[in-house]
1. Within the bounds of segment 362-372, is there any residue that is near the ligand (Cβ under 9 Å from one of its atoms) and open to solvent by 10 Å² or more (accessible area, probe 1.4 Å)?
2. Among the residues of segment 216-240, how many are within 11 Å of the ligand (Cβ to nearest atom) and assigned to a helix (DSSP H, G or I)?
3. Residue check, M328 against (1) surrounded by fewer than 24 Cβ atoms within 10 Å (Cβ to Cβ); (2) modelled with pLDDT of 95 or more, all met but one. Which one?
4. So, A90, is that one open to solvent by less than 10 Å² (accessible area, probe 1.4 Å), of a type in the set (G, A, S) and under 27 Å from the mean Cα position of the chain (by Cα) or not?
5. Out of the residues in segment 276-300 meeting the condition of being open to solvent by 30 Å² or more (accessible area, probe 1.4 Å) and within 15 Å of L125 (Cα to Cα), tell me which one is farthest from the chain's Cα centre (by Cα).
6. Go through segment 99-132 and count every residue that is touching a residue at least 12 places away in the same chain (Cβ under 8 Å) and either assigned to a helix (DSSP H, G or I) or open to solvent by 20 Å² or more (accessible area, probe 1.4 Å) (or both).
7. So V412 ticks every box in (1) under 28 Å from R46 (Cβ atoms); (2) free of Cβ contacts under 8 Å to residues at least 24 places away in the same chain; (3) in contact with a Pro (Cβ under 9 Å, 6 or more places away or on another chain) but one. Which box is left unticked?
Amino acid sequence: MTDTVIVLFSRDLRVHDHPALAAACERARHVIPLFVVDPAIPPRNRGGFLAECLADLRESLRERGGELIVRHGDPVAETIRLAQETNAQAVYASLDVSTLARRRQSRLLQECERLRMEYLVFPGLTIVPPDALRPSGGGDHYKVFTPYLRAWAQQPRREVLKAPGMVHVLRGLDAGRLPEAGQEPYELSRGGETAGRRKMEQWLRHCVDDYAEGHDDMAGNRTSRLSPYLRFGCVSPLELEALARDVGDAGGARDVAEIEGEGRERRGADEFVRQLCWRDFFYQVTRAFPRINRDDYRPRGNEWRDDEHRAQAWKEGMTGVPIVDAGMRQLLAEGWMHNRARLITGTFFVRRLGVDWRVGADHFFELLLDGDIANNYGNWQWVAGTGNDTRPNRSINYIRQAKRYDPDGEYVRRYVPELDAVPTRRIHEPWRLPSGVPGYPPPLVPMD
Ligand code: FAD
């Protein structure tokens, strides 16, 4: 048995289904759960959420006799310093894919080798590890979603792990100061595993059945809103998938007469699991193409405009196109945006305003609580036609989308109150009203 292992937490802020923590608790006499607050990484809009996640993790570890040790500084230097102070023999962490994470992982590996310590990485950030699947036709990753989904669905899953009963922390260490919450947390998203698990359970018990029908209803709030919890690893994607499949199976078993709309649970759960697969898909793309947030994945020689005025109007939700402005203002107000609105606002930005996708993606990344390199930039490149879409010239009609997914204008009225009195018939095209709408701009670009 090893004497002391450091478990370096990063985007896996939970005790349930945490392979690195579980392995350390099983193999070592003493476990040191560590989180290093890196001042070089700006907290962006996520500082308050992260602070809540860490406070919650510390509480959960204390309930198990452990402690979350917090240090401030360079994660590699601080981990090694603590390892030397405590004579740790190993560092365990969860495998991550972004450039920054990979740099950290390879520096840690070098330092651990130099000091003759073991450095082990474990799965946990995705359902299927990002390096597990290779296309049969060659290449180091899947470039297209549907074949990936097929292979992904057939890949055996590891077991979902229980939270450790006890975490035997090394005594006498300074626990260190948690980062301060800073700004007010968002009302709809309190950070941490406890809140995330509660949300997950409620979602699976009451809502996932309706997902296939409801996920595009922009005003209805009928998606899980679990993305910030997945982003920080407060919820295990593997456990979420397993539980969602149980709901689907229960629906399948009860089926026919008992269930209005036969197989509704199954369809809801299947569609939801498919979305989780998109998340894994972009992780494996990012592992193979870590510069996804900077370089075109498929360069197409696009010429983007450098137009600060247009970009600013879009960021403020003042483009004069109600469905776009509603989405952008939801982002400002909640640190989150409905997926359909992300598609509409993103497509409008690159295709109608013609501005570089990186400008729009960076703005999303700054503000989203779920802002994540793989998913944000992967989706933005998809929208811009430089990414994994097999139809890079796909275009969408914003007004038709608005009428279809927000038929009563409820989503628009919620976030763009200037349009409150506009009749539903014109809510998505206020420029057609003879006198316009006081306080609301005309469209930034021609809409006809
Ligand atoms: P649900 O509909 O309940 O879906 C469940 C989970 O599946 C989500 O939490 C998410 O983890 C995953 N998922 C769903 N759709 C996608 C998708 N298209 N790609 C990858 N994973 C998906 N998602 C992020 O997590 N972080 C981002 O930074 C991000 N940026 C985006 C930018 C653009 C331009 C677009 C079009 C999409 C982006 N998405 C991003 C994907 C998606 O919009 C969000 O995951 C989703 O809206 C989160 O809400 P939810 O948890 O209620 O999703």
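The values are calculated or read from the model by the stated rules, or taken from the named source; none is laboratory data. As the structure is a prediction and not an experimental result, all values here were calculated from the model. When we count neighbours, we look across all protein chains shown, and the Cβ atoms used for this are built from the backbone with ideal geometry, even at glycine. We work out accessible area using only protein heavy atoms, side chains counted, and drop any ligands, DNA or RNA first. Shrake-Rupley method; radii C 1.70, N 1.55, O 1.52, S 1.80 Å.
1. Taking every residue of segment 362-372 in turn, at least one turns out to be near the ligand (Cβ under 9 Å from one of its atoms) and open to solvent by 10 Å² or more (accessible area, probe 1.4 Å).
2. Going through segment 216-240 one residue at a time, the tally reaches 7.
3. Looking at each condition in turn, M328 falls short on (1).
4. no
5. R287
6. Here is the first cut: in segment 99-132, the ones touching a residue at least 12 places away in the same chain (Cβ under 8 Å) are 99-102, 104-105, 107-108, 111-112, 115, 117-132.
When the remaining residues are screened for being either assigned to a helix (DSSP H, G or I) or open to solvent by 20 Å² or more (accessible area, probe 1.4 Å) (or both), the result is 99-102, 104-105, 107-108, 111-112, 115, 117-123, 129, 131-132.
Selection size over segment 99-132: 21.
7. (2)
Condition check ((1) free of Cβ contacts under 8 Å to residues at least 24 places away in the same chain; (2) within 14 Å of the ligand (Cβ to nearest atom)) across all residues:
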site: A288; (1), (2): no, no
site: E303; (1), (2): yes, no
site: W314; (1), (2): no, yes
site: V321; (1), (2): no, no
site: Q330; (1), (2): no, yes
site: A333; (1), (2): no, no
site: M337; (1), (2): no, yes
site: T345; (1), (2): no, yes
site: W357; (1), (2): no, yes
